[in-house]
Each structure stands twice: as structure tokens, then as C-alpha cells.
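Report on the structure given below.
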Amino acid sequence: MDILKSNTFNRLLILWCLMTVNGCKSSRNNYAPPPPPEVTVSKPLQQSITPFLDQNGVIEAVDEADVRARVRGFVESVEFEPGQEVAAGDVLYKIESTQYQASVNSATAEVASAEAAISVANALVRTAEAEAKKTGQNLGRAESLLSQNAGSQAEFDTATAENEAALAALESAKANVQAAKAAKGQSVASLAQAQIDLDYTTVKSPINGRITTTDIKRGNLVDNGEKLTAVVNRSQVFANFSVSDRDILRFMNEKKAGLKPGEKLTEADLSETAVFLKRETDEGFPFKGVLEYIDPEGVDASTGTLRLRAQFANPDDSLLQGIFVMVRVPTGDSVEVMLIPEYAVLRDQRGQYVLVVNAERKVERVAVTVAKTISGWAVIEKGLTPDSRVVVDGLQRARPGLEVIPIDKKLEVDDQTLLRGFSPTDRTPDGAADSSATSPSEVE
């Protein structure tokens, strides 16, 4: 019995030991390193863009004219509705013309009277000429008789006096003719002024355009020079804007770079430069115009800016007078640039850098020089090559020297985001295609 108990105990002891050993083996931890983290990498995007400068501007109509009364009188009728399109010469108001018609009639009568006076004066001249001829003949006979001792000195003196009187009367008659003609000229001038005043009683539109509202009603008395309404023609508009002296110098230097040896930069080279415009709600710069004016007085010393003006076609009235716009002026020829997302550019005490993945799939720190940023994209001037694999996603998982699993992604940007120049299908201000237009590049 003791032997049997002893064997049972031994078997239990051996089973316990085996369970203990297996349990210890099963609880042992074997370390397995985690797999390399995944990051998204992209090669820089290469695009052709045009350097430009952007400035805020204000729209102004090219043609705008106040309509004013040119004579005093009561308004008989208003011949338009506010906002109506009118053409130059269209009648807008009629002012009471009775007194002005009377002035025309009076001046016409004065002209007729002056013409009659001229006729009378001419008749008197002819009479005086006949008398002068007669007395001249008498003087000649008296002189001949006196020389032959057949006449007296008294007769000769009388003939001489009569001839001189006749000649004086002739000169007076001729002077009266000139005076009558002068009076006629004055009467004609008065008639012309009276006719002008009469014509001014019909108030016409000075230009083509859209007419504004008016506070002048039928029966109102208006004075000479009083503003009645205004006509605005917005088929062509100006965009007024200013640029800094630094920007205009850069603009001029880039224009000079395009000149041939020996050529000088002229104002014509600066004007007629293509200019592009967008409103607040536009995507891209759909309106194309031309740089039309550069302030001849130069840079304003108080502000350090130069006033410029560009002209744009506005056939569909899309550019309203007074709205604020963005004006873009290309400052040079298109150039190839290297772009990466702006957020991929990091900065520390040593400067700007990006993280790239090399051929061994390890992360490297590469210092870069950013020329400029354009709406979320960085233009890389130095540091990268077209084959650089830049970390654009998973930056928090990437550290220099760390091995990663790169996932390639191609950077893309559509034409509306980065304009590389208008193609034949691009929109011009009048909605037509313009294959000759060239637009500045842009990232929205």
C-alpha cells in the first residue's frame, strides 16, 4: 500500500513538473520588430508658368457724360426711362422753347434789316461814284480852260471843291457799306446764338450708353448748367490700380531683358502689355485687356506707388463700374518651375527643408530654397531634382534615417488651378476664342 501511494505521488510530481515546464515555455515573449511605416511620396510637378504681379483695382467706365441743361426754362417732357439704352443724339428732355423761338425770330428780322441797310448803302455808293465822276469831268474841263486862258481861276477853284466834296461823299458811302455789313455780321451772330439756345431746349444724349435715373420731372424749372442725369457707356471699362516702385522696377528690368542689343525701353514697350482681370467670384482670370496708361508723373513719393490703368472690353456688362477686382500683369516670359505642395516644406533652425525617400527606402532631410508660394504650392528653386521622391503624406511617421515603405502618388493640378496660358478654347471677355492670347499662370 505504501509502495502504491509512493508511485502515485511520483507520477503526480512528474506531471506537475511537466506542466510547470510547458507553462514556463508558453509564457516566454519573443520580440518581433514592427514593419516600416508607410508614407506617400511624389515627384515634383514640373510646369511652365509666367511670372506676374497681382494688384487690387477698381472698375471705371471709359465713357461717362453728365447731361446738363444749357438754357433756363421749364421742362415740357422727359423722353426716356431710367436705365434705358440710348444712342448719341437721342432726345432726353424738351424745355419750353417759346421765348427762344421769339429770340430767333427777332434776330432773323435784324439780319434782314441789316441786309436792307447794306443794299441802301450800296446804292448810295453808286450815286456818290456817279457824282464823283461828274465833278471830276468838270474839274478836268476847268483845268483845261484855265491852261488856255479861256477860263477863270474862280471857276477852276469851284470845280476843284465840288470834286473833292464828291470824292469825300463816295468814301463816306463806302464806309456806310462796311458799317452795314458789320451790323449784319453782328445780327447773324445774334441769330446763331439765338438758334443755339433754341436747339438747347431739346436736350440730347451726348454719347451711346445706359442712362441713369433723374430727379427732374415735367414742369420743373431748370437753370443753365444744372445736371439733369448721366449716360454711362460700359462697353469698354478701365481698371485703375497701382503698383509699388519695387514691382515696377522689376517689371521694367524683365522688359529690358527681352530687348535686342542696342534697343532702348520705351513707353510703348510698357503700354499695350496684356493684362488679366478677375472678379471676386471668378475662377482664374477670364478677362483679357491691355495696359493703356502709365502715370507720366512717375512714382508718387508719398505712397511709393505708380498709378496704372488697363482697358477691357465689356460687351455683356459683366464688369460693373465701381467694383473691386484683381488685376494680373505678366512680368516676363513663361519659365519651367518645380512645384510641390506647400505643406510638404518644413522649417527648423537650419532653414527650410523637405523629407525625401532615397533608393534604400530611407528618409533623408534635404534643404530647399523656395522662390515663392502660389496658393498652396511652393516653387522650388534649389534642392530637388525631377526624380526626387518627396514625402507628401505621413510626415509625422517619417524621420531622417528611418526606413519606410514609400507609396508613390502622382501630383496633378488642372488648368483652372494652374494656368499655363490661354488655349484656343479659353474664354476671352466677349466670349469668343482667342488663340493669340497668353495668360499668366496661376494656382488658385
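In a residue-by-residue description of segment 71-84, the property of being outside any strand (DSSP E or B) and basic (Lys, Arg) applies to at least one position.
Considering only residues that are in contact with a Ser or Thr (Cβ under 6 Å, 6 or more places away or on another chain) and within 30 Å of ALA183 (Cα to Cα), look in segment 72-124 and name the one that is most open to solvent (accessible area, probe 1.4 Å). If we take residues in segment 72-124 being in contact with a Ser or Thr (Cβ under 6 Å, 6 or more places away or on another chain) and within 30 Å of ALA183 (Cα to Cα), then GLU110 is most open to solvent (accessible area, probe 1.4 Å). Among the conditions (1) more than 12 Å from LEU92 (Cα to Cα); (2) open to solvent by less than 50 Å² (accessible area, probe 1.4 Å); (3) modelled with pLDDT of 90 or more, ALA230 misses just one, which is (1). Against the criterion of being modelled with pLDDT of 90 or more, farther than 18 Å from SER48 by Cβ and open to solvent by 90 Å² or more (accessible area, probe 1.4 Å), ARG361 qualifies. Whether any residue in segment 330-345 is over 40 Å from the mean Cα position of the chain (by Cα) and of a type in the set (Val, Ile, Thr) is what I want to check. Within segment 330-345 (the criterion being over 40 Å from the mean Cα position of the chain (by Cα) and of a type in the set (Val, Ile, Thr)), the answer is no, since none of the residues qualifies.
In this structure, is LEU191 part of a helix (DSSP H, G or I) and either open to solvent by less than 40 Å² (accessible area, probe 1.4 Å) or modelled with pLDDT of 90 or more (or both)? Step through it out loud before you land on a result.
Working: part of a helix (DSSP H, G or I): yes; either open to solvent by less than 40 Å² (accessible area, probe 1.4 Å) or modelled with pLDDT of 90 or more (or both): yes.
When the stated conditions are applied, LEU191 passes them.
Considering segment 346-399, the qualifying strands (runs of 3 or more DSSP E), each wholly inside and each with 2 or more residues that are touching a residue at least 60 places away in the same chain (Cβ under 8 Å) and either among the aromatic types (Phe, Trp, Tyr) or touching a strand residue (DSSP E or B) at 6+ places or on another chain (Cβ under 9 Å) (or both), run over 351-357, 377-382, 390-393.
Would you mind stating whether SER172 is in contact (Cβ under 8 Å) with a residue 60 or more places away in the chain, open to solvent by 50 Å² or more (accessible area, probe 1.4 Å) and part of a helix (DSSP H, G or I)? Walk me through it before giving the result.
Working: in contact (Cβ under 8 Å) with a residue 60 or more places away in the chain: no; open to solvent by 50 Å² or more (accessible area, probe 1.4 Å): yes; part of a helix (DSSP H, G or I): yes.
Spelling it out, it is not the case that SER172 is in contact (Cβ under 8 Å) with a residue 60 or more places away in the chain, open to solvent by 50 Å² or more (accessible area, probe 1.4 Å) and part of a helix (DSSP H, G or I).
Take the conditions open to solvent by 20 Å² or more (accessible area, probe 1.4 Å), in contact (Cβ under 8 Å) with a residue 40 or more places away in the chain and touching a Lys or Arg at 6+ places or on another chain (Cβ under 6 Å) and apply them to MET338. Does it pass?
Numbers: open to solvent by 20 Å² or more (accessible area, probe 1.4 Å): yes; in contact (Cβ under 8 Å) with a residue 40 or more places away in the chain: yes; touching a Lys or Arg at 6+ places or on another chain (Cβ under 6 Å): no.
So MET338 fails the test.
The values are calculated or read from the model by the stated rules, or taken from the named source; none is laboratory data. Just so we're clear, the structure is a prediction, and the values are computed from it rather than from any experiment. All Cβ positions, even for glycine, are placed from backbone atoms using ideal geometry, and neighbour counts span all protein chains on display. Only protein heavy atoms, including side chains, enter the accessible area calculation; ligands, DNA and RNA are left aside. Shrake-Rupley method; radii C 1.70, N 1.55, O 1.52, S 1.80 Å.
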